[in-house]
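Take a look at the structure set out below.
Every number here is computed from the coordinates shown, using simple stated rules; none is lab data. A quick note: this is a predicted structure, and the numbers were derived from the prediction, not measured. Neighbour counts are summed over all protein chains in view; Cβ atoms, including those assigned to glycine, are modelled from backbone coordinates with ideal geometry.
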There are 2 protein chains.
Amino acid sequence: MSSVKTADTLASLGENEALRRIFPLLPESRSTILGPGDDAAIIAAPDGRFVVTTDMMIHGPDFRLAWSEAGDLGWKAAASNLSDVAAMGAVPTALVVALAVPAETPVSFLEGIADGLRQACEALAPGCGVVGGDLSVSTTMTIAVTAFGDLEGRDAVTRSGAQVGDVIAVSGVLGEAAAALHLLFAEGIDAAGHPDSQRAAALRDRTGPQLRPSPPIVDGPAAAQAGATSMLDLSDGLAKDAARLAVASEVTFDLFSLALGADPLTAFHGGEDHSLLATFPEGAELPGGFRSIGIVLPAGKHPVLLDGTAVDAGGWDPYRGWSGALG
Amino acid sequence: MSSVKTADTLASLGENEALRRIFPLLPESRSTILGPGDDAAIIAAPDGRFVVTTDMMIHGPDFRLAWSEAGDLGWKAAASNLSDVAAMGAVPTALVVALAVPAETPVSFLEGIADGLRQACEALAPGCGVVGGDLSVSTTMTIAVTAFGDLEGRDAVTRSGAQVGDVIAVSGVLGEAAAALHLLFAEGIDAAGHPDSQRAAALRDRTGPQLRPSPPIVDGPAAAQAGATSMLDLSDGLAKDAARLAVASEVTFDLFSLALGADPLTAFHGGEDHSLLATFPEGAELPGGFRSIGIVLPAGKHPVLLDGTAVDAGGWDPYRGWSGALG
């Protein structure tokens, strides 16, 4: 954060003044009955149910301040949670955001996070906004978002409904987030191998899928309306996440490598795309950005096949995949 | 955490196996439509609305591992959020829990946190349970809870409804959490002044209000049913929180020191009691554990008076009140 000029920090301004500056920047939710400022908020749940998911972003394993701007952090924290709501077939309605930052953090950095939250909601899920939150001090910057959605009277699209003969389809990018992260680790570092903000800035036109992912949120409810039988958010890589759908549905997913783009292995193993993976009945018209990438087969020895051949699911485990030495 | 014997850590077991061990320990929610295991959970909101609040507990400013056992952390994280739900007059229905811990944390410690979450829900809000969450690695242990509640068709009790002539009443302890924290800082430390687990253990029968607060959750909905005109959760001390109600309601709160117990100053300024402060129309029968501690007067120069005299609200600001040197 050495590039930030302002002298106003949380420690110097205090919590109340910091909140006073941030609130006007946050996106408003159309579903708000009572917004921030009381012990709790009140949100509309018109069909008598609500969808809820929560996900944390943590400095170190989840982001590096040399690579991500404040706005990127707010955007990605919103986008990754909105995607989990969409993956149920629900329309995102509201977020609550718990933010913990070092006391010396400039308030302008928090304003940047709020800008990113607003931009992501406006771009990806219009009508969804921030209805409450918490601001704390921590030596480790942490953003915990909880997101809500409205099923609009429909059944949720869970992980367990895929049927033999269904078409496997994806909406959104495959492997681009992982490719961008590889690029940052290869070229966004200084001579000593540490993340470097200037070098990362020079790569900015190629790192968007990692730093500011744009999941196809509207395609989640669209998939539900089109009769999707199962769906999830691709957070840990197509291989691992396809296996989750296949195991939950007690079927096999056979994926076609030719449908996975120019770099099928990165598409297959790369995490954090936040695209939507879904199954549709044979012959269904695929909605929005969905395109066919495989077919559902009866359960066999392996949950996921690539062109009919067994593959290792692999994937990302936050307790094994992260080295603190990566900065 | 030097006293933990098991060798199984998050790093050695991995996220999935850790979650497999924790899930059976978590309390179930009666409002669950779809529980953990998919991209998101689905919760019942029978009256078409839901109450939501979020609050983080962070190692350092919010707790010390030499003083709090794992079960204490789970309990307090649940209790403090349940209290915010109750303060709206709502019945708590569900929690989501995002947990970030160092990779070397024993899984038994996470099981302890789950035990504490379950014990708090069972004791304070039967029927409320954990419906989802997130498990991450962080160098700073962090527990972010988001809690939900059902208003059962009633209007919420906000901060702005207190009327001149109303009785000011409180349910729950006053100052006991702060007194217990003072005791820990005075006697729960070693010769060098650092938090000490053995000395804290010896004080255990006197530190419950700080480490395992028992807010009167059922008195929140009871107050709403009894016609409470305003209410909040006492998290930052009676003086500061009474001022919040008074300012929001555009009135003055006159509190009676004789009603504040044997140590009225600690009762007045001490934070983290998580008791409920409410106002009721003159002559209303006070429900549950509520007792009268003052009266609402017309707005004047100061929002809070003690026996008719102006007092400094003071209170706790996480960006000013915490020194990292406190361990």
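Would you tell me the mean number of C-beta atoms belonging to other protein chains that fall within 10 Å of each C-beta in A:53-66, as a whole number? Working shown, then result.
Numbers: counts 8, 14, 5, 11, 3, 8, 3, 6, 6, 4, 0, 0, 0, 0.
Partner-chain Cβ atoms within 10 Å, mean over residues of A:53-66: 5.
Looking at chain B as a GNM with Cα springs under 10 Å, which of B:A248, B:A94, B:A224 has the largest mean-square fluctuation?
Between B:A248, B:A94, B:A224, it is B:A248 that shows the largest mean-square fluctuation.
What does the structure give for A:255-266 when I average, per residue, the other chain Cβ atoms found within 10 Å of the residue Cβ? Before the final figure, lay out the partial values.
Working: counts 0, 0, 0, 0, 0, 0, 0, 0, 0, 0, 0, 0.
What the average comes to for A:255-266 is 0.
So what is the relative contact order of chain B, in percent, for Cα pairs below 8 Å that sit 6 or more residues apart?
On the way: 771 pairs, mean separation 71.2, N = 327.
Computed over chain B, the figure is 22 percent.
Rank these for me by crowding, A:H59, A:H194, going from fewest to most other beta carbons within 10 Å. Don't skip to the answer; put the middle values down first.
Working: A:H59 22, A:H194 13.
Fewest-to-most Cβ neighbours within 10 Å comes out as A:H194, A:H59.
In whole Å, what is the distance between the alpha-carbon centres of the stretch A:62-90 and the stretch B:63-89?
27 Å
Rounded to the nearest 5, what is the percent of antiparallel bridges among the DSSP beta bridges in chain B? Mind dumping the intermediate values first?
Working: 42 of 55 bridges.
Of those bridges, close to 75 percent are antiparallel.
Based only on other Cβ atoms within 10 Å, what is the fewest-to-most ordering of A:F23, B:F253?
Working: A:F23 14, B:F253 30.
Ordered by Cβ neighbours within 10 Å, fewest first: A:F23, B:F253.
Between B:R30 and B:S108, what is the spin-label point distance in nm, taking each point 7 Å from the Cα along the Cα→C-beta axis?
Between B:R30 and B:S108, the label points sit 3.5 nm apart.
Once all Cα-Cα distances of the stretch A:1-108 are split into 5 Å bins that start at 0, what whole-number percent is in each one?
Calculated over all Cα pairs of the stretch A:1-108, the distribution is 2, 9, 17, 21, 20, 14, 10, 5, 2, 0 percent.
Of the listed pairs A:K76/A:K240; A:K240/B:K76; A:K76/B:K76, which have alpha-carbon separations greater than 24 Å here? Kindly include the intermediate steps, with their values, before the conclusion.
Values: A:K76/A:K240 21 Å; A:K240/B:K76 35 Å; A:K76/B:K76 30 Å.
Where the Cα-Cα span goes over 24 Å, the pairs concerned are A:K240/B:K76; A:K76/B:K76.
Report for the protein assembly as shown the percent antiparallel among DSSP-assigned beta bridges with both residues inside it, nearest 5. Before the final figure, lay out the partial values.
Values: 92 of 118 bridges.
Among the beta bridges of the protein assembly as shown, antiparallel pairing accounts for roughly 80 percent.
What is the spread of the Cα atoms of the protein assembly as shown along each of their three principal axes, largest first, in whole Å?
80, 54, 48
Can you tell me the order of B:150-158, B:98-106, B:199-207 when each peptide is scored by its average per-residue count of other Cβ atoms within 10 angstrom, highest first? Spell out each step's value before the answer.
Working: B:150-158: 18.7, B:98-106: 22.1, B:199-207: 15.4.
Packing order, densest peptide first, comes out as B:98-106, B:150-158, B:199-207.
How high is the relative contact order of the stretch A:10-150, in percent, with contacts defined as C-alpha pairs under 8 Å that are six or more residues apart?
Details: 284 pairs, mean separation 57.3, N = 141.
Result for the stretch A:10-150 is 41 percent.
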